[in-house]
Amino acid sequence: MQEEVIKSEKMKIVGDMAASVAHEIRNPLTTVRGFIELLGTAYLDKEKKDFYKRICFEELDRAQLIITDYLSLAKPDPEVIEKININDEISYLSNVLLTYANYNNIQINETKLKDNSLIIVGDRYKFRQALINIGKNAIEAMQGGGVLELKTNKSNDHVVIVISDTGNGMTSEQIKRLGTPYYSTKEKGTGLGTMVSFGIIKKMNGKIEIKSEIGKGTEFKLIFPNR
Ligand code: ADP
Ligand code: MG
């Protein structure tokens, strides 16, 4: 019960996030603008120039990451609510992640329940963003390579998607922090990915169950009403 309350508090924060993320992107842009101006006017030795350039690249990369996690697939509202076949979306996800997985020495396994009735409703593009963010994290958790498992299933009047990895895993304390804005353990993390994913899934009346073991891996189970 207590945890439910905390989760809903988190979701309220998510509602106010758009403005804050816009700010997060505007900041690096302002920095870059300033340094380009400096590069163009002042006399600078090579060392200073390189330093300013490096800051520009880092700031632009950061803005790019924020956009990837937060709104790469978002379309302007109003949302289009449509029927979504989760088997099709798992194929899509596996395709999108393939290059990133190969690059990181990771094998993707798909185990789809052969059933045409695994249908949910929601905004397809936002749903894709939610899955991609979870899948990306799974890959990033497997630094030395591993297996990314994508499964679909059915239980009673619900459909189930399982995204699991053989990565570094999380403590229960870390699991509790998932979905909070700017929580990241990565050097260049945005801490926006899970927050965005959880917000989208919640809005689709989805439930998220997470199991994880340090050094073994993590399982994200997403449960949606079957439509
Ligand atoms: P970011 O990926 O930018 O760090 P996210 O919100 O996507 O931000 O994830 C927040 C944090 O949750 C990550 O930094 C990581 O510590 C943890 N995390 C998320 N998914 C996994 C996973 N599959 N395995 C291990 N840790 C994870
Ligand atoms: Mg992430």
Subject >> Mean projected area (nm²) of the alpha-carbon convex hull when the chain is viewed from all directions >> reply: 14.7 nm²
Original post:
How many nm is it between the label spots at T171 and S155, if each spot is 7 Å from the Cα in line with the beta carbon?
Top reply: 2.8 nm
Original post:
How about segment 66-159: which GluC sites (Glu not before Pro) there are in a DSSP loop, with at most 16 other Cβ atoms within 10 Å of their Cβ?
Top reply: E79
Original post:
At I55 and S91, where each label point lies 7 Å from the Cα along Cα→Cβ, what is the point-to-point distance in nanometres?
Top reply: 5.0 nm
Subject >> Above-threshold pairs, the threshold being 31 Å between Cα atoms, out of K154/K203; K46/K136; K114/K176; K154/K186; K49/K186; K53/K202 >> reply: K46/K136; K114/K176; K154/K186; K53/K202
Subject >> Estimated Rh, segment 48-96: Kirkwood, alpha-carbon pairs, angstrom >> reply: 14.1 Å
**OP:** Calculate, axis by axis, the spread of Cα positions in segment 167-227 along the three principal axes, and write the results as whole Å, longest axis first.
**Re:** 39, 24, 16
**OP:** For segment 50-94 and segment 129-156, write down the distance between their C-alpha centroids in whole Å.
**Re:** 17 Å
Original post:
What are the aspartates and glutamates whose alpha-carbon lies under 19 Å from the alpha-carbon of K188, with same-chain residues fewer than 8 places away excluded?
Top reply: E24, E58, E59, D61, D69, E140
**OP:** Kindly provide the Kirkwood hydrodynamic radius of segment 32-135 in Å, to one decimal, from all pairs of distinct alpha carbon atoms.
**Re:** 17.2 Å
Original post:
Counting only protein heavy atoms and using a 1.4 Å probe, what share of the accessible area of the chain belongs to carbon plus sulfur, as a whole percent?
Top reply: 53 percent
Subject >> Solvent-accessible area per residue for the chain (1.4 angstrom probe, square angstrom) >> reply: 58 Å²
Original post:
What order do you get for 155-165, 216-226, 44-54 when each peptide is scored by the mean count of other beta carbon atoms within 10 Å, highest first?
Top reply: 216-226, 155-165, 44-54
Subject >> Magnitude of the charge dipole, segment 68-227, Cβ model with Lys/Arg +1 and Asp/Glu -1, debye to 20 >> reply: 200 debye
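The values are calculated or read from the model by the stated rules, or taken from the named source; none is laboratory data. Because the structure is a prediction, the values reported are computed rather than measured. Don't worry about glycine lacking a Cβ; one is built from the backbone with ideal geometry, like all the others, and counts go over all protein chains shown. Ligands, DNA and RNA are stripped out before the accessible areas are found, and what is left, the full protein with its side chains, is counted by its heavy atoms. Shrake-Rupley method; radii C 1.70, N 1.55, O 1.52, S 1.80 Å.
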